């Protein structure tokens with residue numbers, strides 16, 4: 001059997017956005033994808049229970065990733081109803097997974113994990129250089145804050161109800 005090539009990154013990102021939008025739409029949300037026209041979010045959705053507008057940033061991985069790249073701006077606490085959707089396409093070999101995580105959890109975990117990484121000695125006990133890369137994990141590692149447990153992460157897995165109030 002011929003191995004299929006990895007789609008380009010735009011198609012991978014689009015797949016994640018449309019996947020999350022389809023789940024929302026099937027649950028009665030009025031949903032629109034911003035198609036790159038909004039800097040900090042990919043989906044605007046109106047929650048059916050209270051007509052509140054929520055914003056969702058989608059991060060999509062082709063492989064079955066346990067880590068997703070974010071940036072220093074993702075460390076800031078959001079002021080609105082803001083969420084992240086982390087999608088793993090698993091090379092289309094398995095059913096896709098997603099994590100719907102409130103931005104407050106993402107920002108706090110990313111901020112604290114980065115600080116822990118900076119404070120921990122690197123190779124040959126050298127200090128880590130500053131980096132613009134931040135990582136959100138779906139499996140805790142040695143830099144994860146103590147409160148950031150696998151049980152907490154698993155509560156967001158394939159759980160669209162996180163968006164409901």
Q.
What pairs come out if I take residues in segment 135-147 that are under 19 Å from residue 71 (Cβ atoms) and pair them with residues that are in a strand (DSSP E or B) whose C-beta lies under 6 Å away, six or more apart or interchain?
A. 135/67; 136/68; 136/70; 137/67; 138/99
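Quick check on my filter: what residues within segment 3-42 are in a strand (DSSP E or B) and in contact with a helix residue (DSSP H, G or I) (Cβ under 6 Å, 6 or more places away or on another chain)?
31, 33
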**Q.** Residues of segment 48-95 classified as in contact with a strand residue (DSSP E or B) (Cβ under 6 Å, 6 or more places away or on another chain) and either in a strand (DSSP E or B) or at pLDDT 95 or above (or both), total
**A.** 19
Q.
Which residue is surrounded by the fewest Cβ atoms within 10 Å (Cβ to Cβ), if the candidates are limited to segment 119-130 and must be within 27 Å of residue 99 (Cβ to Cβ) and free of Cβ contacts under 8 Å to residues at least 12 places away in the same chain?
A. 119
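Take residue 135 and decide whether it is surrounded by 11 or more Cβ atoms within 10 Å (Cβ to Cβ), touching a strand residue (DSSP E or B) at 6+ places or on another chain (Cβ under 6 Å), modelled with pLDDT under 95 and not in a loop (DSSP other than H, G, I, E, B).
On the way: surrounded by 11 or more Cβ atoms within 10 Å (Cβ to Cβ): yes; touching a strand residue (DSSP E or B) at 6+ places or on another chain (Cβ under 6 Å): yes; modelled with pLDDT under 95: yes; not in a loop (DSSP other than H, G, I, E, B): yes.
Answer is yes for this residue.
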Q. Is there any pair linking a residue in segment 27-49 that is on the phi > 0 side of the Ramachandran plot and without any contact (Cβ under 8 Å) to a residue 24 or more places away in the chain to one that is surrounded by fewer than 15 Cβ atoms within 10 Å (Cβ to Cβ) and not in a strand (DSSP E or B), with Cβ under 7 Å and at least six apart or on different chains, and which?
A. 28/48
Q: List every residue pair whose Cβ atoms sit under 8 Å apart, with the two residues 6 or more apart in sequence or on different chains, where the first one lies in segment 70-96 and is free of Cβ contacts under 8 Å to residues at least 40 places away in the same chain and the second, anywhere, is part of a helix (DSSP H, G or I).
A: 76/107; 77/103; 77/104; 77/107; 77/108; 78/103; 78/104; 78/107
(Q) Please determine whether any residue of segment 116-127 is part of a loop (DSSP other than H, G, I, E, B), more than 21 Å from residue 43 (Cβ to Cβ) and touching a helix residue (DSSP H, G or I) at 6+ places or on another chain (Cβ under 9 Å). (A) yes
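Of everything in segment 96-112, what is part of a helix (DSSP H, G or I) and under 15 Å from the mean Cα position of the chain (by Cα)? Give them in sequence order.
Step one: list which residues in segment 96-112 are part of a helix (DSSP H, G or I), which gives 103-112.
If the condition is that a residue be part of a helix (DSSP H, G or I) and under 15 Å from the mean Cα position of the chain (by Cα), then 103, 104, 105, 106, 107, 108, 109, 110, 111 are the ones that fit.
The values are calculated or read from the model by the stated rules, or taken from the named source; none is laboratory data. Fair warning: this is a prediction, and the values are worked out from it, not measured in the lab. Reconstructed Cβ throughout: ideal geometry from the backbone, glycine too, with neighbour counts over all protein chains shown.
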